[in-house]
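To start, the structure itself, in structure tokens.
The values are calculated or read from the model by the stated rules, or taken from the named source; none is laboratory data. It should be emphasised that the depicted structure is a prediction, and the values quoted were computed from it without experimental measurement. Here the Cβ positions follow ideal geometry from the backbone for every residue, glycine too, while neighbour counts run over all protein chains shown. The area values use the complete protein model at the heavy-atom level, side chains included, leaving out ligands, DNA and RNA. Shrake-Rupley method; radii C 1.70, N 1.55, O 1.52, S 1.80 Å.
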Amino acid sequence: MKNGNIWVIAERNGDTLSNITIEIMSKAKELSKALDKKLSVVTIGYENDVIAKEAGVYGADRVIQVNDKLLEHYTTLPFTKVILNLIDKYDPALIMIPATVNGRDFAGRICAKNNTGLVADCHDIKLTDDKSDIKFIRPTFDGKLFSDVRISSERMIATVGKGAFVRQLRNEDNKYDIIIEESNLTEEDVKTTFVDFEKSDMDPLLESLLNSKVVVSGGMGLKSAENWHLVEELAEALGANVGATKPVADLGWCAKELQVGVTGAVVKPDVYIALGISGAIQHINGMKDSSVIIAVNNDPEAPIFKTAHYGIVADLFEFVPKLIEKIKAL
Ligand SMILES: Cc1cc2nc3c(=O)[nH]c(=O)nc-3n(C[C@H](O)[C@H](O)[C@H](O)COP(=O)(O)OP(=O)(O)OC[C@H]3O[C@@H](n4cnc5c(N)ncnc54)[C@H](O)[C@@H]3O)c2cc1C
């Protein structure tokens with residue numbers, strides 16, 4: 001590993017740092033302390049003074065700010081050029097990037113241009129016991145296993161998905177420097193032009209799911225599309241909305257909009273009922289903040305029981321019809 005600092009490339013959400021950036025910063029801060037390095041947050045954009053200060057308040061030791069009208073909207077080539085110039089100048093050891101559409105786009109380019117190893121979609125980043133190396137933990141085999149991947153180049157790049165780390169807390173007293181850097185871009189560097197946002201109305205199913213107080217979700221334990229009515233009937237009896245795991249939505253047992261998880265809807269209802277759902281991390285990260293989680297699964301070892309507040313070890317085909325009957329009787 002190089003001597004340089006640890007970087008987080010920030011993304012903004014309107015006038016504030018995106019949630020995923022703040023989550024990644026908390027892990028970057030922990031690593032920088034353990035390795036006796038500094039945490040630098042790089043904020044590239046336009047009119048981003050507030051974002052730079054936010055990065056300081058959320059724990060950066062140093063903020064590298066590039067502010068240029070040509071960077072007002074993300075486009076691949078200008079952003080990549082600016083980041084590569086900054087890398088040349090500051091020589092960071094580890095660069096952590098949100099695994100968002102834009103982050104994934106430029107991370108790959110930086111890694112290729114800079115001949116640096118990259119691990120995508122990390123779920124955790126840990127030091128080895130002797131602190132000489134970094135373990136990049138990422139899901140594999142559709143999230144059923146986690147692999148420990150190592151980078152052999154001196155500089156390392158990781159993209160990190162949302163929900164992997166707990167947000168860093170605000171600290172108004174944090175001491176940080178802001179370094180202003182020029183973008184050194186010209187109009188010639190801009191090969192694609194952002195024109196306008198196209199307004200799209202949120203799908204009513206998704207909107208209803210996101211605002212729901214009670215969600216009944218079904219997984220592959222339902223076995224087939226013919227049995228999906230059990231999820232819908234329980235939801236109806238409870239006045240709840242229906243959710244699903246990714247394979248269920250992929251198979252078309254329900255509308256795609258109803259997928260809960262990191263690549264679907266992130267829900268926080270008062271009650272979340274998981275029927276025949278194993279509890280893969282990608283699903284858990286989409287519902288773990290629900291106030292009460294109830295899981296029904298016939299496997300007592302199913303990982304969902306680690307997240308659930310109430311666990312029912314039962315065959316859902318026996319349990320759910322009886323539950324619907326009881327609720328209707330009430
Ligand atoms: C990049 C990426 C993104 C992903 N994004 C998402 C996402 O957003 N959302 C998501 O959900 N997944 C996502 N996944 C997929 C995820 O990793 C899991 O594969 C998926 O969540 C598993 O779905 P499941 O629980 O329905 O199926 P399974 O893992 O097959 O689990 C079925 C469960 O049903 C139980 N069961 C079987 N029969 C019965 C019965 N008769 N009664 C009671 N229980 C029974 C079994 O014990 C088992 O625990 C993603 C994966 C990747 C790689």
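Mind checking which pairs have a first residue in segment 98-124 that is under 19 Å from K81 (Cβ atoms) and a second that is part of a loop (DSSP other than H, G, I, E, B), Cβ under 6 Å, 6 or more apart or different chains?
N102/Y74; T116/S153; T116/R155
With respect to the numbered conditions (1) loosely packed, with under 14 Cβ neighbours inside 10 Å; (2) within 13 Å of the ligand (Cβ to nearest atom); (3) more than 26 Å from the chain's Cα centre (by Cα); (4) not small (G, A, S), which one is the sole condition not fulfilled by N227?
The single condition N227 does not satisfy is (1).
Does V41 fit the bill of being among the β-branched types (V, I, T), touching a Gly at 6+ places or on another chain (Cβ under 9 Å) and not in a loop (DSSP other than H, G, I, E, B)?
For V41, the condition - among the β-branched types (V, I, T), touching a Gly at 6+ places or on another chain (Cβ under 9 Å) and not in a loop (DSSP other than H, G, I, E, B) - is met.
Where the second residue is open to solvent by less than 30 Å² (accessible area, probe 1.4 Å) and modelled with pLDDT under 95 and the first is assigned by TED's automatic domain parsing to the domain that holds S183 and at positive phi and lies in segment 77-92, which pairs have Cβ atoms under 6 Å and are six or more apart or on separate chains?
Correct list of pairs: D91/G4.
In segment 235-249, what count of residues is obtained for those that are closer than 16 Å to G276 by Cα and open to solvent by 30 Å² or more (accessible area, probe 1.4 Å)? Walk me through how you get there before you give the answer.
Residues of segment 235-249 that are closer than 16 Å to G276 by Cα, as a first pass: 235, 242-249.
When the remaining residues are screened for being open to solvent by 30 Å² or more (accessible area, probe 1.4 Å), the result is 246-247.
Looking only at that region, the number is 2.
Considering segment 168-188 alone, what residues qualify as being open to solvent by 100 Å² or more (accessible area, probe 1.4 Å) and either touching a residue at least 12 places away in the same chain (Cβ under 8 Å) or within 14 Å of E54 (Cα to Cα) (or both)? Give the derivation first.
Taking segment 168-188 first, the residues open to solvent by 100 Å² or more (accessible area, probe 1.4 Å) are 169-170, 172-173, 175, 180, 182, 184, 187-188.
Passing the criteria: L169, R170, E172, D173, K175, I180, E182, N184, E187.
Out of (1) surrounded by 14 or more Cβ atoms within 10 Å (Cβ to Cβ); (2) free of Cβ contacts under 8 Å to residues at least 12 places away in the same chain, the odd one out for P204 is which?
(1)
Assess whether G276 counts as being within 11 Å of the ligand (Cβ to nearest atom) and under 20 Å from the mean Cα position of the chain (by Cα). Steps first, please.
Details: within 11 Å of the ligand (Cβ to nearest atom): yes; under 20 Å from the mean Cα position of the chain (by Cα): no.
Criteria not met by G276.
Residues in segment 113-127: is at least one assigned to a strand (DSSP E or B), open to solvent by 60 Å² or more (accessible area, probe 1.4 Å), modelled with pLDDT of 95 or more and under 21 Å from E23 (Cα atoms)? Reasoning before the result, please.
Taking segment 113-127 first, the residues assigned to a strand (DSSP E or B) are 117-122, 124-127.
Now drop any that are not open to solvent by 60 Å² or more (accessible area, probe 1.4 Å), which leaves 126.
With modelled with pLDDT of 95 or more added as a condition, the list becomes 126.
Now restrict to residues that are under 21 Å from E23 (Cα atoms): 126.
The answer is yes; a qualifying residue exists.
Just wondering, is there one or more residues in segment 183-195 that are under 25 Å from E23 (Cβ atoms) and in contact with a strand residue (DSSP E or B) (Cβ under 9 Å, 6 or more places away or on another chain)? It would help to see each step written out before you state the result.
Step one: filter segment 183-195 for residues under 25 Å from E23 (Cβ atoms), giving none.
Scanning segment 183-195 turns up no residue that is under 25 Å from E23 (Cβ atoms) and in contact with a strand residue (DSSP E or B) (Cβ under 9 Å, 6 or more places away or on another chain).
With respect to the numbered conditions (1) hydrophobic (A, V, I, L, M, F, W, C); (2) outside the structural domain of V82 (by TED's automatic domain parsing); (3) assigned to a strand (DSSP E or B), which one is the sole condition not fulfilled by I179?
It fails just one condition, (2).
Would you mind stating whether D299 is of a type in the set (D, E) and farther than 14 Å from L210 by Cα?
On the way: of a type in the set (D, E): yes; farther than 14 Å from L210 by Cα: yes.
Judged against the criteria, D299 is a match.
Do you know which residues across segment 255-272 are buried (at least 19 other Cβ atoms within 10 Å of the Cβ) and of a type in the set (S, T, N, Q)?
Across segment 255-272, the qualifying residue is only Q259.
All but one of (1) within 11 Å of the ligand (Cβ to nearest atom); (2) touching a strand residue (DSSP E or B) at 6+ places or on another chain (Cβ under 7 Å); (3) small (G, A, S) hold for A235; which doesn't?
(1)
Just for segment 21-56: of the residues that are touching a helix residue (DSSP H, G or I) at 6+ places or on another chain (Cβ under 8 Å), among the small types (G, A, S) and under 14 Å from M96 (Cβ atoms), which one is surrounded by the most Cβ atoms within 10 Å (Cβ to Cβ)?
A55
Is it true that some residue in segment 240-253 is within 16 Å of the ligand (Cβ to nearest atom) and either among the polar types (S, T, N, Q) or in contact (Cβ under 8 Å) with a residue 60 or more places away in the chain (or both)? Outline the logic, then answer.
Step one: list which residues in segment 240-253 are within 16 Å of the ligand (Cβ to nearest atom), which gives 241-253.
In the following step, the residues that additionally are either among the polar types (S, T, N, Q) or in contact (Cβ under 8 Å) with a residue 60 or more places away in the chain (or both) were identified as 241, 245.
The answer is yes; a qualifying residue exists.
Out of all the residues in segment 128-147, is one or more open to solvent by 40 Å² or more (accessible area, probe 1.4 Å) and closer than 15 Å to W7 by Cβ?
no
Find the residue count for segment 207-224, including only residues that are open to solvent by 10 Å² or more (accessible area, probe 1.4 Å) and assigned to a helix (DSSP H, G or I). If you could, list the steps in order and put the result at the bottom.
Start the filter on segment 207-224 by keeping residues that are open to solvent by 10 Å² or more (accessible area, probe 1.4 Å), which leaves 207-208, 210-214, 220-221, 223-224.
From the residues that got through so far, the ones that are assigned to a helix (DSSP H, G or I) too are 207-208, 210, 220-221.
Adding up the residues that qualify gives 5.
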